[in-house]
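Accompanying notes for the structure given below.
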Amino acid sequence: MARVTARLAAAVDSVLVEAGLTLDQWRVLTYLRGHDGATMSELSGVLSVTGPTLTRVVDRLTTAALAHRNIDPGDRRRVLVQLAPRGRALVTELRPRVAEAESRVLGAVPGPERADLADALRRMLT
């Protein structure tokens with residue numbers, strides 16, 4: 001499983017490097033695409049990234065105008081990280097290429113083992 005995971009990360013990374021993104025930045029962008037903003041605590045917990053690492057990732061995304069920080073209207077003490085229009089467009093553009101890279105790696109895993117791997121990964125992520 002470790003080898004497949006490493007190959008998946010390398011395949012996805014090859015697509016992301018062309019766009020100037022890291023895997024952590026991609027994970028934040030794709031999470032934000034499915035949500036109307038998230039707190040740093042939420043992102044850190046869901047993505048299993050430490051606070052300092054996440055701060056650097058979000059700082060780079062905001063500098064590149066791919067995400068932005070806003071005050072949470074429901075609780076002005078909290079800051080929400082939200083996907084910027086440019087970030088949404090980039091995710092939309094890269095998503096098919098990332099999926100293709102993932103498919104190439106997973107396609108090399110035999111059918112029954114692929115299903116077992118997918119089940120194991122799903123359990124690990126929940």
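All of the numbers you see were taken from the coordinates with simple rules; none came from a lab. Please read these numbers as outputs of a predicted model, since none were measured by experiment. Every residue, glycine among them, receives a Cβ derived from its backbone with ideal geometry; neighbour counts consider all protein chains shown.
Of V109, N70, A99, which is farthest towards the positive pole of the stretch 65-125's charge dipole, taken about the Cα centre with +1 and -1 on the beta-carbons of Lys, Arg and Asp, Glu respectively?
Checking the options against the dipole of the stretch 65-125, the answer is N70.
By how many degrees, between 0 and 90 and to the nearest 10, does the Cα long axis of helix 2-18 differ from the longest principal axis of the chain?
Taking the Cα atoms of the chain, the angle to 2-18 is about 50 degrees.
Roughly what percent of Cα-Cα pairs across the stretch 62-102 reach past 14 Å?
Of all Cα-Cα pairs in the stretch 62-102, 57 percent lie more than 14 Å apart.
Run through every distinct alpha carbon pair of the chain and return the Kirkwood hydrodynamic radius in angstroms, one decimal place.
15.7 Å
Once you charge only the Cβ atoms, +1 for Lys and Arg and -1 for Asp and Glu, what is the size of the charge dipole of the stretch 2-125 about its Cα centre, to the nearest 20 debye?
Around 180 debye, computed over the stretch 2-125.
Mind ordering 62-68, 91-97 by average Cβ neighbours within 10 Å, highest first?
Sorting 62-68, 91-97 by mean packing, highest first, produces 62-68, 91-97.
Show me 22-32, 43-53, 107-117 ranked by packing, highest mean number of other Cβ atoms within 10 Å first.
The peptides rank, most packed first, as 22-32, 43-53, 107-117.
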